[in-house]
Amino acid sequence: MVKYCTNEETTMRLERERKEIVTFGRKLLASGLTAGTGGNLSIVNRKKNLVAITPSGVDYLEMSPEDVVLVGMEGGPVERSRYKPSSELLFHQALYRRREDIQAIVHTHSVYATTLATLGWEIPAFHYLVAYSGKKVPLAAYATFGSERLARNVADAIGENNAVLMGSHGVVTVGPTLAKAFEAAEIIEYVARVYYLAKNLGEPTILSDEEMDKVIEKFRAYGQRTKSTGVG
């Protein structure tokens, strides 16, 4: 049985995480990565063993930090809330349990990534930006949304990658921060669009594993300034 805390004890726990989810929820709409109340976002706080996740069916433009639901790594809400957590809570929890490096998750129904997912296609290393995921964007087998089976499929399919297509459903991206997971969602939607267009014209050239290893390594330092010279 869940033991709820009093309002005084729970006032804006994980305040930073909740505010960040509201901010990036609005960015999901502005970027065209989702429409209406589709998709969901979460951030894990591993020290407190809590996950902040978007509520189910709430308009991103009307969502407040207080509306973001707190849940445990296992099970449901840990405080009283007027909203239920996202219907996809189970695969968020499964991904956090599967990989310690995952700190935030973005799930969208972006048009081109979802189109490829309905075709049952992975995204191979046809473009160097696929490295935002890894050496490919794998495909998780379809299962009913919100189900334990879907959670297992997504967690099993992602491997060491930062993105996974969900068969006949959408796409999930992960990262060390919500900003990084969101960036991956934007880039994967871009490469999905290019891959779709390229497949309409022919067969794209696939980059080698060796080349993708080089790109992945370069991405680790991309955009960072060196401490010694300050040169970007």
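The values are calculated or read from the model by the stated rules, or taken from the named source; none is laboratory data. No experiment lies behind these values; they were computed from the predicted model shown. In this analysis, Cβ positions are derived from the backbone assuming ideal geometry, glycine residues included, and neighbour counts consider all displayed protein chains. Areas reflect the complete protein model, heavy atoms only, side chains present, ligands, DNA and RNA absent. Shrake-Rupley method; radii C 1.70, N 1.55, O 1.52, S 1.80 Å.
Inside region 75-99, residues that are out of contact with any Ser or Thr (no Cβ under 6 Å at 6 or more places or on another chain) and either within 15 Å of A181 (Cβ to Cβ) or touching a residue at least 60 places away in the same chain (Cβ under 8 Å) (or both) make up a count of 13.
Being among the hydroxyl-bearing types (S, T, Y), at pLDDT 95 or above and over 23 Å from E160 (Cα atoms), is that true of even one residue in region 99-110? Lay out the reasoning, then the answer.
Here is the first cut: in region 99-110, the residues among the hydroxyl-bearing types (S, T, Y) are 108, 110.
This time we only want the ones that are at pLDDT 95 or above, so: 108, 110.
Then drop every residue that is not over 23 Å from E160 (Cα atoms), which leaves none.
Among the residues of region 99-110, not one is among the hydroxyl-bearing types (S, T, Y), at pLDDT 95 or above and over 23 Å from E160 (Cα atoms), which makes the answer no.
What's the number of the only condition in (1) within 24 Å of A141 (Cα to Cα); (2) at pLDDT 95 or above that S64 fails to meet? Evaluating S64 over (1) within 24 Å of A141 (Cα to Cα); (2) at pLDDT 95 or above leaves (1) as the failure.
For first residues located in region 117-128 and farther than 14 Å from K199 by Cβ, partners that are of a type in the set (K, R) and not in a loop (DSSP other than H, G, I, E, B) and lie 6+ apart or on another chain with Cβ distances below 7 Å do not occur.
Those strands (runs of 3 or more DSSP E) of region 70-181 in which at least 3 residues are more than 20 Å from G36 (Cβ to Cβ) and open to solvent by less than 40 Å² (accessible area, probe 1.4 Å), considering only elements entirely within it, cover 163-166. Hey, any hits in region 34-44 for a residue that's open to solvent by 60 Å² or more (accessible area, probe 1.4 Å), farther than 16 Å from S87 by Cα and touching an Asp or Glu at 6+ places or on another chain (Cβ under 9 Å)? Checked region 34-44: no residue is open to solvent by 60 Å² or more (accessible area, probe 1.4 Å), farther than 16 Å from S87 by Cα and touching an Asp or Glu at 6+ places or on another chain (Cβ under 9 Å).
The condition of being touching an Asp or Glu at 6+ places or on another chain (Cβ under 9 Å) and in contact (Cβ under 8 Å) with a residue 24 or more places away in the chain does not hold for L61. Quick check on L201: is it farther than 26 Å from L29 by Cα and open to solvent by 60 Å² or more (accessible area, probe 1.4 Å)? Answer is yes for this residue. Residues that are touching a residue at least 40 places away in the same chain (Cβ under 8 Å) and touching a helix residue (DSSP H, G or I) at 6+ places or on another chain (Cβ under 6 Å) within region 151-165 comprise A151, V154, A155, L165, listed in sequence order.
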